[in-house]
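Step one of this worksheet: look at the structure below.
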Amino acid sequence: MMTAYGTIEDAVTAMKQGAFDFITKPFDTEHLMVLINRALENRRLQAENNLLREGLLADHGFDDIIGTNEKMVELCGLVKKVARSDASVLLQGESGTGKELFARAIHSLSDRRDGPYIAINCAAIPRELLENELFGSEKGAFTGAHARKMGKFEIANGGTIFLDEIGDMDIALQAKLLRVLQNRNFERLGGTKTVDVDVRVIAATNMNLPELISQKKFREDLYYRLSVFPLVVPPLRERPDDIPALAEHFIRKFCRDMKKPAKSLTNDALKLLQKYHWPGNVRELENTIERAVILAEGKKIGTEHLAIRLRRTDEIRLRDGAGLKEIGAHAQMQAERATIIRVLKEVRGNKRKAAKVLKIDYTTLFDKLKKYGIDKDIA
């Protein structure tokens, strides 16, 4: 800013309104050039700082997402695009594929990054308590409600809420969630005052929601509200080329956490990891590597340090020239394991009910759970 009648008050006002500096007439040309150069340098540094900040945020968003597989590269590209919007996102994929990592990435790369990120597993909370967790309650709303409680939607105001296992949400509660998505408001349990919220919703499921809709277990209108931008996270068996990098990442992580010296996989161990079908996906691989790091005393992790189920179920796949009978038996094992997992999820882990549905006795079911290492996948 340049003036012949400058005062300190004028200078302060001008600086507040965006002026870089203040010069009065008459002025020295050399001094003016110094100020101009300083202003240009300041602008350049600001632009550089913004670029560096964007780069750091982008890196941070994908910190724990490992993979160069074509499907993963495409998915990460879509995540970057949808993060710039405020659209609801539905993450679909099998258990253990890392859906929450992508939810966190979307939040970290969005304009809401400085706001709260709240995650809640709809399957882990009893149906009668989930409404209170999500929407809160007024004092006296039910026995034991001695004070007003804020729900997760209020806590997440200005940020993002991640609803994992959305397919497990009770259909009556789905109506209240639909209202939040449509009107951005709700009432607490036992309350009449409308609470306004500004929250982005990201949901995830390993279920077939259209099938649940046909069974009247999921609202069709809610499905379309949630799936403005659907994303599918691929299972690990569809990207075996990412297994070496994932395994190395987990080895470094657990060696650091356990304060153990650096370790690496033998070639045979790596081949076994790449040939296994990974029904539990990345979570199963992480658990497998954690166990191996604990067991391995030296610098190498061999096949003997890997879980027995990897060696047993992969024997046919590793053997050249396996006959149809062997291949059929292997396929049957995979189908049997998948069916047991599905039924257990349908009955919410009740093993006696599962045995009845599967038409086998309770003891047989326990033997199969142990054989296939299923308990951890259902927990």
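Read-outs: derived from the displayed coordinates by stated rules, not from any lab. All values derive from a computational prediction rather than experimental measurement. Cβ coordinates were reconstructed from backbone atoms using ideal geometry, including for glycine residues, and neighbour counts include every protein chain displayed.
Seen from every direction in turn and averaged, the convex hull around the alpha carbons of the stretch 146-257 projects onto 11.0 nm².
Taking 26 Å as the limit for the C-alpha separation, the pairs Lys80/Lys217; Lys81/Lys271; Lys216/Lys353; Lys81/Lys216; Lys99/Lys217; Lys80/Lys259 exceed it in the case of Lys80/Lys217; Lys81/Lys271; Lys81/Lys216; Lys80/Lys259.
Counting neighbouring Cβ atoms within 10 Å and putting the fewest first, the residues Val282, Val195, Val232 line up as Val232, Val195, Val282. Among Lys99, Lys260, the ranking by other beta carbons within 10 Å of each residue's beta carbon, starting with the fewest, stands as Lys260, Lys99. When the Cα positions of Ile166, Ala145, Asn206 are compared along the charge dipole of the stretch 144-217, Ala145 comes out farthest toward the positive end, with charges on each C-beta of Lys, Arg, Asp and Glu. Beta bridges from DSSP with both residues in the stretch 88-213: antiparallel share about 20 percent, rounded to the nearest 5. Here each label is just a point 7 Å from Cα along the line to Cβ, and for Ile360 and Leu35 those points are 8.4 nm apart.
Please rank Arg342, Arg239, fewest neighbouring Cβ atoms within 10 Å first, as an exposure proxy.
Numbers: Arg342 12, Arg239 18.
By the 10 Å Cβ count, ascending, the order reads Arg342, Arg239.
Gain on full extension, evaluated as 0.36 nm per residue between Ala175 and Lys259 minus their Cα-Cα distance, stands at 25.3 nm.
Rounded to the nearest 0.05, what FRET efficiency is calculated for Ser85 and Asp114 with R0 set to 25 Å and r the Cβ-Cβ distance?
Values: r = 17 Å, r/R0 = 0.69.
My answer for the efficiency is 0.90.
FRET efficiency for the pair His146 and Leu78, taken as 1/(1 + (r/R0)^6) with r the Cβ-Cβ distance and R0 = 35 Å, rounds to 0.15. Within straight-line reach of Lys139, meaning a Cα separation under 21 Å, sit the following lysines at least 8 residues removed in sequence or on another chain: Lys149, Lys152, Lys176, Lys193. Using a simple spin-label model with pseudo-atoms 7 Å out from Cα toward Cβ, Glu304 and Lys71 lie 3.5 nm apart.
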